[in-house]
Amino acid sequence: MTTRPGILLLLTIGFVVWSGVFVGLYAGLSVGCAAGWHLISVGPVSLLRVLLIIGLVVGMAALALTAIILARLRPADRSPVGFVNRTSTYAAIVAVVAGAFTFAPVLFTSTCL
C-alpha cells in the first residue's frame, strides 16, 4: 500500500477552508458593526455589506479552488490512496455546497441589530 504523509488531512481540508471562511465573515461582521461600517453608504448599500459580499466571493472561490485541486489529485485506481482522494474530493464538494447555503444570507439579511 502506498502512503503519503498527511493523507488523512485531505479528508478534512474542504471543511477546514469552510471554517476559515466562516470565521472570517463572522469576524468581519463583528468588526464592521463595532466600527460603524454599516452606517457608511457605498451607493445603495453599506460599506459593511460590500465588504461581506467581497468576503463571500473570495471565500466561495477558495472553496471551489480547494475542490478543484483535490479533484486533480484523484488517481484512477482503486487503491486505498485513491479511495481517500475520491472521498476528499466529495467532501470538498459538500463543503462548497454547505458554504453556498450558509454564507448566502450575507446577501440579504440585516448586518447589525
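None of the figures in this text is laboratory data; all of them are computed from the coordinates on show. This one's a predicted model, so the numbers in the text were calculated from it and none came from an experiment. Positions of Cβ are generated from backbone atoms using ideal geometry, with glycine treated the same way; all protein chains shown enter the neighbour counts.
Going through the stretch 13-66 one residue at a time, which ones are within 11 Å of CYS112 (Cβ to Cβ), free of Cβ contacts under 8 Å to residues at least 24 places away in the same chain and not in a helix (DSSP H, G or I)?
Matches in the stretch 13-66: GLY36 only.
Quick check on my filter: what residues within the stretch 67-113 are part of a loop (DSSP other than H, G, I, E, B) and in contact with a Ser or Thr (Cβ under 8 Å, 6 or more places away or on another chain)? Please lay out each step first, then the result.
First, pick out the residues of the stretch 67-113 that are part of a loop (DSSP other than H, G, I, E, B): 74-79, 108-113.
Passing the criteria: ARG74, SER79, THR111.
Go through (1) in contact with a Leu (Cβ under 9 Å, 6 or more places away or on another chain); (2) under 13 Å from PHE103 (Cα atoms); (3) hydroxyl-bearing (Ser, Thr, Tyr) for SER19 and report which single condition fails.
Here SER19 clears every test but (1).
Which numbered condition in (1) over 22 Å from GLY59 (Cα atoms); (2) surrounded by fewer than 18 Cβ atoms within 10 Å (Cβ to Cβ) is the only one that PHE108 fails?
So the condition that PHE108 fails would be (1).
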